[in-house]
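Here is the structure we will look at, set down as structure tokens.
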Amino acid sequence: MAILTGNKKIKAAVFISGTGSNLKNLIQFSKKKKSPFLVKLIISNNLKSKGLRFAKIFKIEKKIFKFKKKSLDEKKILKILKFKRIDLICLAGFMKILSKNFIKNFKGKILNIHPSLLPNYKGLNTHKRVLLNKEKYTGCTVHFVSPNLDSGKIIMQKKIKIKKDDTPKKLAKRVLIEEHKLYPKAILKISKL
Ligand code: GAR
């Protein structure tokens, strides 16, 4: 794939908004020999996002952009990404929608993880909606980001069986465990394309 240059590892930026468990997991995976990427930058739109603590713990540069003026912030982010020679953006619980122009600048190089079996249950509150609809299965998806929300090409998915006593909270917890396995696998997969 175009993001892999020679034998060098892919330089990734991870975008977060909240807890950052996927961020932590990606950083930990990136330290393994078999990892095709390194996490070089953390970007958050939320000063209070818990995941920002991993910047300090793992000594990774972090930047916060509140996205109040989205186009201005996106311009600044693009500048930093180019300056740091970032090859890949991994959205990990990032709750802002990136503009068409931003995505065009990193075409085919932005990934997202979503807690459902896309194309089903795009958007928010997936677990609640899945349970209300009495689905038998749910899961998680890693996909390329396209201008339409949660609609880019799917890279990998993991299916999970729903239990009788599941609540949105219980389900979120089980799906997250699978997300942590799936995201690194999906990056490995695209690095070999
Ligand atoms: C994850 O479940 C991720 O799939 C979801 O937010 C959670 C973030 O958890 N993302 C979305 O809903 C994006 N539409 P984390 O901050 O612990 O990684």
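List of remarks:
- If you go through the range 178-193 and keep only what is of a type in the set (A, V, I, L, M, F, W, C) and either more than 19 Å from the chain's Cα centre (by Cα) or loosely packed, with under 14 Cβ neighbours inside 10 Å (or both), you end up with just Leu193.
- Pick from the range 149-171, criterion within 13 Å of the ligand (Cβ to nearest atom) and in a loop (DSSP other than H, G, I, E, B), ranking: nearest to Leu98 (Cα to Cα): Leu149
- Residue match in the range 49-56 (condition: more than 15 Å from the chain's Cα centre (by Cα), assigned to a helix (DSSP H, G or I), farther than 26 Å from Lys173 by Cβ and free of Cβ contacts under 8 Å to residues at least 24 places away in the same chain): no
- Hits in the range 119-148 - residues which are within 14 Å of the ligand (Cβ to nearest atom) and among the charged types (D, E, K, R): Lys122, Lys128, Arg129
- First in the range 8-37 and closer than 18 Å to Lys96 by Cα, second anywhere and assigned to a helix (DSSP H, G or I) and away from the ligand (no atom under 15 Å from the Cβ), Cβ under 9 Å, 6 or more apart: Ala13/Ile77; Ala13/Ile80; Ala13/Leu81; Phe15/Ile77
- Test set (1) within 14 Å of Tyr183 (Cβ to Cβ); (2) surrounded by 13 or more Cβ atoms within 10 Å (Cβ to Cβ) - Lys32 fails condition number: (2)
- The one condition in (1) under 14 Å from the mean Cα position of the chain (by Cα); (2) within 16 Å of the ligand (Cβ to nearest atom); (3) more than 18 Å from Leu188 (Cβ to Cβ) that Val39 fails to fulfil: (3)
- Residue within the range 66-79 that is within 16 Å of the ligand (Cβ to nearest atom) and either among the basic types (Lys, Arg) or in contact (Cβ under 8 Å) with a residue 12 or more places away in the chain (or both) present: yes
Readers should treat all values here as calculations from the given coordinates under stated rules, not as data from a laboratory. Note that this is a predicted model, so its numbers are computed, not measured. Cβ atoms come from the backbone with ideal geometry, glycine included; neighbour counts cover every protein chain shown.
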